[in-house]
Amino acid sequence: MKKTKFYSVHENLKAKIVEFAGFLMPIQYSSILTEHKAVRNSVGVFDVSHMGEIFIRGEKALDFVNYVTVNDASQLVDGKVQYSAMCYEDGGIVDDLLVYRISQNEFMLVVNASNKEKDLEWIKKNNKFGVDIVDESDDYSLLAVQGPNSKATIQKICSKNIDLDYYTFFFADIAGADMLISRTGYTGELGYELYFKGDEVVAEKIWNEIFEAGKEYNIQPVGLGARDSLRLEMGFCLYGNDIDQTTNTIEAGLGWITKLKKENFIGKDVLVKTKEEGPKRKLVGMISDEKSFPRHGYEISSDGKVIGKITSGIVSPILEKAIALGYVESEYAKEGTKVNFLIRGKEIPALVTKLPFIKK
């Protein structure tokens, strides 16, 4: 198992540590509920250094990125970020990822930790453009500072004004370290991601300075448990649950990042066909007034017929209702459709609802 450079910090905070994507990671420090509400109401800090950073460099870097991803990277300018996905030839999703344009000839792909080796193998296999592909994941630490008070916290220790637009980034100094600072996030709240290099001493210094800056806002460390509940309230997909190699971007509700008019990219033919014919199933959000916990893999029914399966589910800490994502047959995907969660043999009534669950 790998450890991030914040591992001793997590140990000292007595975090509950679990194995995740080949790393020993904190799942919670106090409680998932406390950490979740800290991010919704003030500010929290996630160690997400397990994520992968893969750099694409060369004269054909843009052409290559456009070929292996479904979004249109030609729309990016220096300092912009794009949410995208990579697909197999059959339309199945290799991974969802962030694309950072550092310059015309350099892009950074931020990929899911559990997929990094697979992603790296996939893009190397499809490198017909002669670009340099460099995995720098082990060199980078990554903190996500999220919540309404994240800006006030980070501004205290940042060398630049951090009035960043959503999905943009710049380079600046925080706590004496050079870093790439972006404004993306996985929580639905205002937030910043801090990418930087350095050893455990550097990492701990940055962590401590962030927490000192956020002290007046009762800043909290946040684990993977609350990260999952926060993203689900926003209806954001999690690879391995809601999307994987058996799903495509059209049925997963990611048509908005799938630029079918783009000249050529892997999986395009199947995705065009799926769009034209209409997907047989769709990923939808569902909500129930009952607090029974809708877990991954539970069946979804309507009028006694099984119509799909839950991919992610929780009792929302903010709404105090059961919420879930799941694939249903397309005829049941319309907002307001009555469905049931099949939980331990009991039908729990729910409604298909528009995402996100939490309206920001």
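Every number in this text was worked out from the coordinates using simple rules, so none of it is lab data. All values reported here derive from a predicted model rather than from experimental measurement. So basically every Cβ, Gly included, is an ideal-geometry build from the backbone, and we count neighbours across all protein chains shown.
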Using per-residue counts of other Cβ atoms within 10 Å, averaged over each peptide, order 10-19, 68-77 from highest down.
-> 68-77, 10-19
The FRET efficiency for Lys14 and Ser74, from their Cβ-Cβ distance with R0 = 45 Å and rounded to 0.05, is 0.40
Whole-Hz Karplus ³J(HN,Hα) for region 274-291, in order, using 6.51 cos²θ - 1.76 cosθ + 1.60 and θ = phi - 60°, x for Gly and Pro?
-> 4, 5, 5, 7, x, x, 6, 9, 9, 7, 10, x, 9, 9, 9, 6, 7, 9
Net charge of neighbours whose Cβ lies under 12 Å from the Cβ of Leu238, counting Lys and Arg as +1 and Asp and Glu as -1 = -3
Residue-averaged [θ]222 nm for the chain, counting only DSSP H segments that reach four residues, each worth -39500 (n - 2.57) | -6000 deg cm²/dmol
Amide H contacts of Thr168 (H built 1.01 Å from N, under 5 Å, at least 5 apart or other chain) = Val81, Arg183
Share of Cα-Cα pairs in the chain beyond 33 Å, whole percent, is 30
If the chain between Phe293 and Lys261 were fully extended at 0.36 nm per residue, the gain over the current Cα-Cα distance would be 7.4 nm
Provide the FRET efficiency to the nearest 0.05 for the Leu319-Thr34 pair, computing r from the beta carbons and using R0 = 22 Å.
-> 0.80
Cβ-Cβ cut-off under 12 Å around Ser302, Lys and Arg +1, Asp and Glu -1: the net charge is -2
Footprinting exposure proxy for Asp163, Asp132, Asp63 (fewest neighbouring C-beta atoms within 10 Å first) | Asp163, Asp132, Asp63
So which trypsin sites (Lys or Arg not before Pro) in region 96-137 are both in a DSSP loop and have at most 12 other Cβ atoms within 10 Å of their Cβ?
-> Lys128
Cα-centred dipole magnitude for the chain, charges only on beta-carbon of K, R (+1) and D, E (-1), debye, nearest 20 | 940
Separation of the Glu212 and Glu200 label points, Cα + 7 Å toward Cβ, nm = 2.1
Loop trypsin sites (Lys or Arg not before Pro), region 256-286 (other Cβ atoms within 10 Å of the site Cβ: 11 or fewer; DSSP) | Lys261, Lys280
Grab the other residues whose beta carbon is less than 15 angstrom from that of Val77, score K and R as +1, D and E as -1, and report the net.
-> -2
Please compute the Cα-Cα pair-distance distribution of region 280-360 with 5 Å bins starting at 0, giving whole percents from short to long.
-> 3, 18, 32, 28, 13, 4, 1, 0
Ascending count of other beta-carbon atoms within 10 Å, so fewest first, for Met51, Met25, Met1 | Met1, Met51, Met25
Using modelled backbone amide H atoms (1.01 Å from N, in-plane), which distant-in-sequence or interchain residues come within less than 5 Å of Glu290's amide H?
-> Ala322
Can you pick out the pairs among Lys118/Lys346; Lys259/Lys334; Lys116/Lys205; Lys118/Lys359 whose Cα atoms lie more than 32 Å from each other?
-> Lys118/Lys346; Lys118/Lys359
Quick calc, region 213-357, dipole around Cα centre from Cβ unit charges on Lys, Arg (+) and Asp, Glu (-), nearest 20 debye, gives 180
